[in-house]
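Trainee: Right, I'll just put the structure down here and ask away after.
The values are calculated or read from the model by the stated rules, or taken from the named source; none is laboratory data. What you see is a predicted model, and the numbers here were worked out from it, not measured in a lab. Note: ideal-geometry Cβ built from the backbone for every residue, glycine included; neighbour counts use all protein chains shown.
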Amino acid sequence: MRIGFGGGCHWCTEAVFQSLRGLSQVRQGFVLSDPPDDTWSEAVEVEFDPDRITLKDLVTVHLATHASASDHKMRGKYRSAVYVQDSDGQTFVGELIAALSIEVDTPFVTRALIHRGFKPSDVRFHDYYKSGPEKPFCQTYIDPKLAKLRRKFSGLLKPDGAPGQ
């Protein structure tokens, strides 16, 4: 199955999803949806095996690893969303986000949107964390997200737990 996730920098989001089991592909880039969300926003597009990791697990990880409850001024560039293929998926994911919001008592700003297009980021940025975890950006922004992932979601990690494909 294919789905998109946007919320923070696609470098961060890429590293988080590359760490999870059951994903055959993680592509960083930009996604757009229907108006008023028809501008390109940083995101990742993933292919996953629902027999190895559930959509609920993916959405839960996504909500926990970016500022999913903050409607900050950068939301145009970093739209907090789960991008699905059709209206049935949009309804399902919207209900899932609402249920998780109640479960953790957090008012998420993350929305379920229809995936209308994807364009990859410049190839020099692909596998950003994997190609240089010692970079200051990686240490400042990505390492804390990966630490949280290991603490809260260790059962969903690939056997080695390291980002990469």
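Trainee: Quickly run through the range 35-49 and pick out the residues that are surrounded by 18 or more Cβ atoms within 10 Å (Cβ to Cβ) and touching a Ser or Thr at 6+ places or on another chain (Cβ under 8 Å).
Mentor: Of everything in the range 35-49, those that are surrounded by 18 or more Cβ atoms within 10 Å (Cβ to Cβ) and touching a Ser or Thr at 6+ places or on another chain (Cβ under 8 Å) turn out to be 42, 43, 44, 48.
Trainee: Right, here's the next one. Condition first: among the acidic types (Asp, Glu) and in contact with a helix residue (DSSP H, G or I) (Cβ under 6 Å, 6 or more places away or on another chain). Now tell me which residues in the range 16-72 satisfy that.
Mentor: Across the range 16-72, the qualifying residues are 42, 57.
Trainee: Hey, another quick one. If you go through the range 27-49 one residue at a time, how many are among the hydroxyl-bearing types (Ser, Thr, Tyr) and either without any contact (Cβ under 8 Å) to a residue 40 or more places away in the chain or assigned to a strand (DSSP E or B) (or both)? Reasoning before the result, please.
Mentor: First, the residues of the range 27-49 that are among the hydroxyl-bearing types (Ser, Thr, Tyr): 33, 39, 41.
Then keep just the ones that are either without any contact (Cβ under 8 Å) to a residue 40 or more places away in the chain or assigned to a strand (DSSP E or B) (or both); that gives 39, 41.
Total satisfying the criteria: 2.
Trainee: If you check residue 160 against the conditions, is it modelled with pLDDT of 95 or more and among the acidic types (Asp, Glu)?
Mentor: Spelling it out, it is not the case that residue 160 is modelled with pLDDT of 95 or more and among the acidic types (Asp, Glu).
Trainee: Looking at the range 18-52 only, could you name the residues that are touching a Phe, Trp or Tyr at 6+ places or on another chain (Cβ under 7 Å) and among the hydrophobic types (A, V, I, L, M, F, W, C)?
Mentor: Result: 23, 26, 30, 31, 32, 40, 43, 44, 46.
Trainee: Additional query: Determine whether residue 17 is surrounded by 22 or more Cβ atoms within 10 Å (Cβ to Cβ) and aromatic (Phe, Trp, Tyr).
Mentor: Criteria met by residue 17.
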